[in-house]
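**Student:** Got a structure for you, written out below as structure tokens; questions coming shortly.
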Amino acid sequence: MPERLASWKEIAAYLGREVRTAQRWAAERRLPVHHLPGGVRPRVFSTRPELDAWLQAGSPPDRPAPVSVAVLPFLNLTGGPDDQYFGDGLAEDLINALVRVPGLRVIARTSSFVFTDRGRDVHESGRRLGATWLIEGSVRRARKRVRVSAQLVNTRDGFHAWSECFDRQLTDLLEIQNDIARAIASALQVTLEIG
């Protein structure tokens with residue numbers, strides 16, 4: 001029997017698994033597979049001693065799933081169109097701030113902004129977006145003040161992990177959006193223990 005296994009099919013057969021399983025193990029569990037350059041189709045190989053040593057050592061556990069979050073549009077509780085623009089801008093600034101957090105996958109705005117329905121279930125929203133966490137909130141304005149409420153919700157169990165209200169004087173709307181977005185991103189980084 002040759003020591004060198006020269007394809008995914010041979011490697012998978014030696015392990016007694018399907019090719020897709022061997023490929024997943026190479027990506028997630030450090031299965032010793034070497035890639036050869038050149039050719040139209042990527043070529044791989046491994047050796048029996050390498051695979052035997054990997055099996056005897058026990059494969060490393062699966063890496064934890066990456067933390068994924070979707071920022072939903074902030075509800076406009078005041079009703080004016082300016083407040084809706086403010087809420088949408090805040091959500092967009094928050095997405096931009098969260099994208100910079102290492103280890104966090106942020107769902108694209110074009111996907112998460114589809115979920116504008118107040119009564120939608122968090123489990124369903126999370127499943128459809130592929131997000132573990134949802135950030136939802138609201139914007140209220142009274143005279144020269146604005147209040148932003150934001151919550152972090154676990155899509156698996158529907159419970160809040162974090163919630164905060166931000167009260168600001170209406171001076172520079174863009175600065176308020178940036179300030180609140182940075183505060184929320186910082187709080188989430190601590191709450192989710194990432195980065």
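The values are calculated or read from the model by the stated rules, or taken from the named source; none is laboratory data. Computed from a predicted model, the values in this text were never measured in an experiment. Ideal geometry is used to build each Cβ from the backbone, glycine not excepted, and the neighbour counts take in all protein chains shown. Accessible surface areas use protein heavy atoms only, side chains included; no ligands, DNA or RNA. Shrake-Rupley method; radii C 1.70, N 1.55, O 1.52, S 1.80 Å.
**Student:** At Gln56 and Ala187, where each label point lies 7 Å from the Cα along Cα→Cβ, what is the point-to-point distance in nanometres?
**Tutor:** The answer from the label model is 5.4 nm.
**Student:** With a 1.4 Å probe and all protein chains left in place, how much of the accessible area of the chain comes from carbon and sulfur atoms, in whole percent?
**Tutor:** Answer for the chain: carbon and sulfur cover 51 percent of the accessible area.
**Student:** What is the gain in length, in nm to one decimal, between Arg29 and Trp162 on full extension, counting 0.36 nm per residue of separation less the C-alpha to C-alpha distance?
**Tutor:** Length gained, Arg29 through Trp162: 44.6 nm.
**Student:** Going through the DSSP H helices of the chain, which span 20 Å or more along their own axis at the Cα atoms while scoring at least -1.0 as a mean Kyte-Doolittle hydropathy?
**Tutor:** Flagged H segments are 81-99, 173-192.
**Student:** 5 Å is the cut-off here: which amide hydrogens, built 1.01 Å from N in the peptide plane, fall below it relative to Trp162, excluding neighbours closer than 5 in sequence?
**Tutor:** The answer is Leu152.
**Student:** Then there is this: Would you calculate, for the chain, the mean residue ellipticity at 222 nm contributed by helices, counting each DSSP H stretch of 4 or more residues as -39,500 (n - 2.57) and dividing by all residues, to the nearest 500?
**Tutor:** Result for the chain, helices only: -12500 deg cm²/dmol.
**Student:** Which residue fluctuates the most in the chain, going by a Gaussian network model with Cα springs under 10 Å, if the choices are Thr110, Thr171, Thr47?
**Tutor:** Evaluated over the chain, the most mobile residue of the options is Thr47.
**Student:** For an R0 of 45 angstrom, estimate the FRET efficiency from the Cβ-Cβ distance between Thr110 and Gln169 and round to the nearest 0.05.
**Tutor:** Calculated transfer efficiency: 0.90.
**Student:** If each of Ser7 and Arg100 carries a label point 7 Å out from its Cα toward its Cβ, how far apart are those two points in nm?
**Tutor:** Roughly 5.0 nm, to one decimal.
**Student:** May I ask what percent, to the nearest 5, of DSSP beta bridges between residues of the chain are antiparallel?
**Tutor:** Antiparallel bridges: around 75 percent, rounded to the nearest 5.
**Student:** Would you please give the residues with an amide H less than 5 Å from that of Arg43, counting only those at least 5 places away or on a separate chain, with H modeled from the backbone geometry?
**Tutor:** Under 5 Å from the amide H of Arg43 lie the amide H atoms of Leu36, each far enough along the sequence or on another chain.
**Student:** Rg(Cα) of region 134-195 divided by 2.2 N^0.38 Å?
**Tutor:** 1.22
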